[in-house]
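The values are calculated or read from the model by the stated rules, or taken from the named source; none is laboratory data. Quick caveat, the model's predicted, so the values are computed rather than measured. Because the Cβ atoms are built from the backbone with ideal geometry, glycine has one as well, and the counts that use them run over all protein chains shown.
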Amino acid sequence: MELGRRRIGPLLAEFATLHPALEVHLALSDAGLEVGEDGLDVAIRIGRPDDPTVITRKIASTKRIVCAAPSYLAARGTPARPADLGAHECLRLARRHRLLDRWRFRAESRVAEIKVGGQFSSSSGDVLHAWALEGRGLSLEALWDVADDLQAGRLVECLADHWCDSVDLFAAFLPGRPAPPRIRLFVDFIASAGVS
C-alpha cells in the first residue's frame with residue numbers, strides 16, 4: 001500500500017491527465033489483489049502472480065534491507081549477522097493467511113533462511129514502517145519504501161554485508177489479443193516512469 005500511495009497513485013493521476021477520457025480507480029492492498037478475481041484491468045504487485053493465465057511484465061526491482069530506528073538499536077544493539085535476529089524484535093508482514101516470518105539472506109554463495117519472531121505483525125506495510133520508525137523493532141523493507149528515512153537518519157540499515165533478496169514489481173493483466181490500448185499504454189507508462 002505504501003508504494004501504491006506514494007508512487008503509483010501520483011503516476012496514475014499523471015497518466016489520467018494525459019488520457020482524460022479514462023475513468024480510473026486505484027485499489028490498494030498489502031494482502032495482494034488478483035486481476036481476474038478482483039475485477040481489475042491491471043494489478044501492480046510485488047512478485048509474479050501464481051495464476052498462469054495472466055500476462056505479467058516486470059516493471060521495477062529493488063533490494064530488501066533490514067533496518068531499524070536509532071532508538072531501537074541504542075536500546076537493543078545492532079545485529080552483526082542474520083543468526084542474531086533471534087534475540088531481536090522483528091516486525092513481520094502477514095499476507096492473506098500466512099505470516100512472513102522467514103527472512104532470506106545471502107553471504108557469499110550461500111542463501112540462509114532465518115526464522116524471526118517478535119511481538120508485532122501486520123498485514124499493512126505502512127504500519128510496519130511506522131512501527132520501525134517508532135523504534136519497536138527491526139523491519140525487512142524494500143529500499144524504495146525507506147530510502148528517504150535512511151538518508152534522513154530516521155532508520156539505519158543493518159546486516160548490509162548479508163544481502164537480502166530483491167523485490168520485483170510486476171504488472172499483471174488478463175490475456176487479450178491484442179491487449180486493450182488503455183492497459184498497454186498504462187503498463188508502458190509505469191515501466192518507463194520508474195517507481196523508486
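Before moving on, here are some points about what is shown:
- Residues that are farther than 18 Å from Pro79 by Cβ, polar (S, T, N, Q) and part of a loop (DSSP other than H, G, I, E, B), drawn from segment 93-133: Ser109, Ser123, Ser124
- Condition check for Ala75 on (1) more than 29 Å from Leu28 (Cα to Cα); (2) of a type in the set (Gly, Ala, Ser); (3) in a strand (DSSP E or B): one failure, at (3).
- Residues being modelled with pLDDT of 85 or more and under 22 Å from Trp163 (Cβ atoms) - total across segment 98-111: 7
- Screening Thr78 on (1) within 18 Å of Trp144 (Cβ to Cβ); (2) in contact with a Cys (Cβ under 9 Å, 6 or more places away or on another chain) shows it passes everything except condition (1).
- Where Ser139 falls short, out of the listed (1) hydroxyl-bearing (Ser, Thr, Tyr); (2) modelled with pLDDT of 85 or more; (3) surrounded by fewer than 21 Cβ atoms within 10 Å (Cβ to Cβ): (3)
- Candidate set from segment 161-196 (those that are closer than 20 Å to Asp51 by Cβ and among the basic types (Lys, Arg)); member that is surrounded by the most Cβ atoms within 10 Å (Cβ to Cβ): Arg184
- So Gly118, is it of a type in the set (Gly, Ala, Ser) and at pLDDT 90 or above: yes
- Identity of the residue in segment 36-72, part of a strand (DSSP E or B) and of a type in the set (Lys, Arg), that ends up farthest from Val116 (Cα to Cα): Arg57
Rundown of residues vs (1) exposed (fewer than 13 other Cβ atoms within 10 Å of the Cβ); (2) out of contact with any helix residue (DSSP H, G or I) (no Cβ under 8 Å at 6 or more places or on another chain), yes/no style:
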position: Trp103; (1), (2): no, no
position: Arg110; (1), (2): yes, yes
position: Glu113; (1), (2): yes, yes
position: Gly117; (1), (2): no, no
position: Gly125; (1), (2): no, no
position: Ala130; (1), (2): no, yes
position: Leu155; (1), (2): no, no
position: Leu159; (1), (2): no, no
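- Any pair with Cβ under 6 angstrom, 6 or more apart, that starts in segment 2-23 at a residue that is within 12 Å of Ile44 (Cβ to Cβ) and ends at one that is of a type outside the set (D, E, K, R) and outside any helix (DSSP H, G or I): Gly4/Leu28; Arg7/Val195; Ile8/Ile44; Gly9/Leu26; Leu12/Val24; Leu12/Leu26
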